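Step one of this worksheet: look at the structure below.
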Amino acid sequence: MDNCIFCKIGAREVSSYKVYEDEEIFAFKDVNPQAPVHVVIIPKKHMGGLNDISDKDEKMLGHIQVAASKIANYFPEMKNGFRIVNNCGIDGGQTVLHMHYHLLGGRSFNWPPG
Ligand code: 5GP
Ligand code: ZN
């Protein structure tokens, strides 16, 4: 999709600190980290948000979760746990309208979230 920063990062048209990549997904360090380790995981294919998916996306969404677990295992900072966040839509706090998951670790998190 034109003018989507995450499409451009996934296509390597915009540089990022890559953490993981395969045919379907791309993971990179967040430019404004909210934890000692803050990775953003995206599908390379554009989709607006978790409110913009259908049954055909089930496999890819599962794939992201498995990749998140593998990435977390790679970082010693996340050996005691981590958090996965999906901000969806305006009320969910989504600012980039290309569906993505945040993988955060290296500190303890509060609940409920803000
Ligand atoms: P959201 O608020 O949509 O859930 O998350 C968007 C995230 O993308 C934010 O944490 C923001 O810091 C990150 N972000 C936005 N633009 C860029 C960028 O150009 N490069 C990187 N690495 N992260 C970005
Ligand atoms: Zn996009």
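Tabulated data
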item	result
From Ile84, Ile42, residue being touching a Phe, Trp or Tyr at 6+ places or on another chain (Cβ under 8 Å), without any contact (Cβ under 8 Å) to a residue 60 or more places away in the chain, among the β-branched types (Val, Ile, Thr) and more than 16 Å from ligand 2 (Cβ to nearest atom)	Ile84
The stretch 65-114, residues that are surrounded by fewer than 16 Cβ atoms within 10 Å (Cβ to Cβ), among the charged types (D, E, K, R) and not in a helix (DSSP H, G or I)	Lys79, Arg107
Any hit, the stretch 43-59, residues being part of a loop (DSSP other than H, G, I, E, B), over 23 Å from Asp2 (Cβ atoms) and open to solvent by 90 Å² or more (accessible area, probe 1.4 Å)	no
Residue pairs meeting the criteria (Cβ under 6 Å; at least 6 apart or on separate chains; first among the charged types (D, E, K, R), in the stretch 1-13; second within 11 Å of ligand 1 (Cβ to nearest atom) and part of a loop (DSSP other than H, G, I, E, B))	Lys8/Val14
All positions within the stretch 15-30 that are away from ligand 2 (no atom under 16 Å from the Cβ) and open to solvent by 60 Å² or more (accessible area, probe 1.4 Å)	Ser15, Tyr17, Lys18, Tyr20, Glu23, Lys29
Close pairs from the stretch 87-105: first touching a residue at least 40 places away in the same chain (Cβ under 8 Å) and more than 15 Å from ligand 2 (Cβ to nearest atom), partner among the charged types (D, E, K, R) and open to solvent by 40 Å² or more (accessible area, probe 1.4 Å), Cβ under 6 Å, at least 6 apart	Leu104/Arg83; Gly105/Glu77
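The values are calculated or read from the model by the stated rules, or taken from the named source; none is laboratory data. Remember, predicted model here, so these are calculated numbers, not experimental data. A quick note on method: Cβ atoms are made from the backbone with ideal geometry, for glycine too, and the neighbour counts reach across all protein chains shown. The area values use the complete protein model at the heavy-atom level, side chains included, leaving out ligands, DNA and RNA. Shrake-Rupley method; radii C 1.70, N 1.55, O 1.52, S 1.80 Å.
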